[in-house]
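The values are calculated or read from the model by the stated rules, or taken from the named source; none is laboratory data. On a predicted model such as this, the values are computed, not experimentally measured, just so you know. Cβ: placed from backbone, ideal geometry, glycine included. Neighbour counts: every protein chain shown.
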Amino acid sequence: MPQFFSFLPRCRLALAAIFPAMLPAMLPAAPAQAAYPEHQVTIVVPFAPGGGSDIAARVLSKYLTGDLKQPFIVDNRAGAGGNIAARYVAQARPDGYTLMVISSILTINPSLYKNAAFDPVRDFTPIVEIGDAPNVIVTRPDSGISSVAELIAQAKARPDLLNYANPGSGTSPHIAMEYFKVRAGINITNVPYSGAGPSMQAVLGGSTQLGCFSVGAVAPHILSGRLRALVHTGHGRMAEFPEVPNMAQAGFANAESASFQVLVAPAGLAPEITAQLSRAVLNVLKRPDVQETMRNNGFGIIGGGPEQLKARIAHEVPMYREMITRARIKVD
């Protein structure tokens, strides 16, 4: 019996050493995290169907549905210059199931509206910089204006005569043209329309002498000879129209602007989902047929990842703030 009691302390010591190692096996296994995506993903577009953001979103939805094995659908939520959709996405759960393809209004609207109701840096997770397109100032060939120098000369000689059409107050073409007017010291009356189609018809029909549009919207009319391109707001030369100078070449340095298309999610999206979506979208953008579709709609593919897009947003927010302030642009 004394031997039995002397054995107990040794037994307790042995169990104390073994039990911690056995504990994980005795506890119920934690459920494995589901692979993303496990159900439908919505890509919100802040505009009506047919525009650049809508086209980019539908291209992505088609290929992401196949590549990631879950449906990616497009939800057009137009209104308030894009602010309604942007705020909706900013308030959505950051779980990867609500995304947004948005244009340059992401960096324009916070300076354009008294209450845009979203912050482009604080409220969103940058995923991919899809592409962009410069704006182009155009006129009819019979206008008597064949260069930027002639445009400035006419505007100074007859300051109340010239007018221009743009696709809407607060759009990138509108801001680009107003900023050009400030830099050139000229007056050209602004005539805003409710989209690229109506404003284009105004220039083609002669209701306005000039227009400012994204290159994708106006390219067919330049190619057909119905409109003449005077200058564009991008960098370098445009591949489609190498003869058209940019703003710097026309004598206005630091006046570049372009309408971009980017993919973002609500702030707080998990880094692993951000990385997965970025890889998937960048692979889609490498497809020759996707690149052709984007080119045909006037957008050059950029294919920049989260850090590149984050840097662009940080650069463009103050850039547009300065342009809007200097040009005294206001919207109702």
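Listing for the model above:
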| item | result |
| --- | --- |
| In region 246-281, residue surrounded by the most Cβ atoms within 10 Å (Cβ to Cβ) [restricted to those that are under 15 Å from the mean Cα position of the chain (by Cα) and in a helix (DSSP H, G or I)] | VAL281 |
| When residues of region 45-68 are limited to those that are without any contact (Cβ under 8 Å) to a residue 60 or more places away in the chain, assigned to a helix (DSSP H, G or I) and under 12 Å from the mean Cα position of the chain (by Cα), the one nearest to ALA265 (Cα to Cα) | ALA57 |
| Residue tally, condition touching a helix residue (DSSP H, G or I) at 6+ places or on another chain (Cβ under 9 Å) and assigned to a loop (DSSP other than H, G, I, E, B), over region 148-162 | 2 |
| Pairs with Cβ under 7 Å, 6+ apart, first in region 153-170 and modelled with pLDDT under 90, second among the polar types (S, T, N, Q) | PRO159/ASN187; ASN166/ASN190; ASN166/SER199; PRO167/SER199; GLY168/SER194 |
| Residue that is modelled with the lowest pLDDT, among those in region 29-58 that are farther than 17 Å from SER194 by Cβ and of a type in the set (Ser, Thr, Tyr) | TYR36 |
| Enumeration of residues in region 270-302 that are in contact with a helix residue (DSSP H, G or I) (Cβ under 9 Å, 6 or more places away or on another chain), hydrophobic (A, V, I, L, M, F, W, C), closer than 27 Å to ASN135 by Cβ and modelled with pLDDT of 90 or more | VAL281, VAL284, LEU285, VAL290, ILE301, ILE302 |
| ALA311 vs. criteria modelled with pLDDT under 95 and of a type outside the set (Asp, Glu) | no |
| Test: ALA239 is crowded, with 18+ Cβ neighbours inside 10 Å, aliphatic (A, V, I, L, M), modelled with pLDDT under 90 and over 30 Å from TYR88 (Cβ atoms) | no |
| Count of residues meeting criterion [touching a residue at least 60 places away in the same chain (Cβ under 8 Å) and of a type outside the set (A, V, I, L, M, F, W, C)] in region 172-193 | 7 |
| Every pair of residues 6+ apart whose Cβ atoms lie under 7 Å, when the first sits in region 250-265 and is touching a residue at least 60 places away in the same chain (Cβ under 8 Å) while the second is aromatic (Phe, Trp, Tyr) | PHE252/PHE180; ALA255/TYR179; ALA255/PHE180; GLN261/PHE299; VAL264/PHE124; ALA265/PHE124 |
| Test for ASP95: is it surrounded by fewer than 16 Cβ atoms within 10 Å (Cβ to Cβ), closer than 25 Å to LEU285 by Cα and acidic (Asp, Glu) | yes |
| Residue list for region 127-166, restricted to those being among the charged types (D, E, K, R) and either under 17 Å from SER207 (Cβ atoms) or in contact with a Lys or Arg (Cβ under 8 Å, 6 or more places away or on another chain) (or both) | GLU129, ARG140, ASP142, ASP160 |
| Residues located in region 222-245, provided they are more than 26 Å from GLY206 (Cβ to Cβ) and under 24 Å from the mean Cα position of the chain (by Cα) | GLY234, HIS235, GLY236, ARG237, ALA239 |
| Subset tally (residues that are within 30 Å of GLN291 (Cβ to Cβ) and outside any loop (DSSP other than H, G, I, E, B)) for region 95-130 | 17 |
| Candidate set: region 66-84, residues that are within 11 Å of VAL45 (Cβ to Cβ) and modelled with pLDDT under 95; chosen: the one surrounded by the fewest Cβ atoms within 10 Å (Cβ to Cβ) | ALA78 |
| Options ALA133, ALA165, ALA92, ALA176; residue that is in contact with a Ser or Thr (Cβ under 7 Å, 6 or more places away or on another chain), in a loop (DSSP other than H, G, I, E, B) and either of a type in the set (A, V, I, L, M, F, W, C) or outside the structural domain of ALA275 (by TED's automatic domain parsing) (or both) | ALA92 |
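Per-residue answers, yes or no, for (1) surrounded by 23 or more Cβ atoms within 10 Å (Cβ to Cβ); (2) among the β-branched types (Val, Ile, Thr):
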site: LEU161; (1), (2): no, no
site: SER172; (1), (2): yes, no
site: LYS181; (1), (2): no, no
site: TYR193; (1), (2): no, no
site: LEU204; (1), (2): no, no
site: PHE213; (1), (2): yes, no
site: VAL218; (1), (2): yes, yes
site: GLY225; (1), (2): no, no
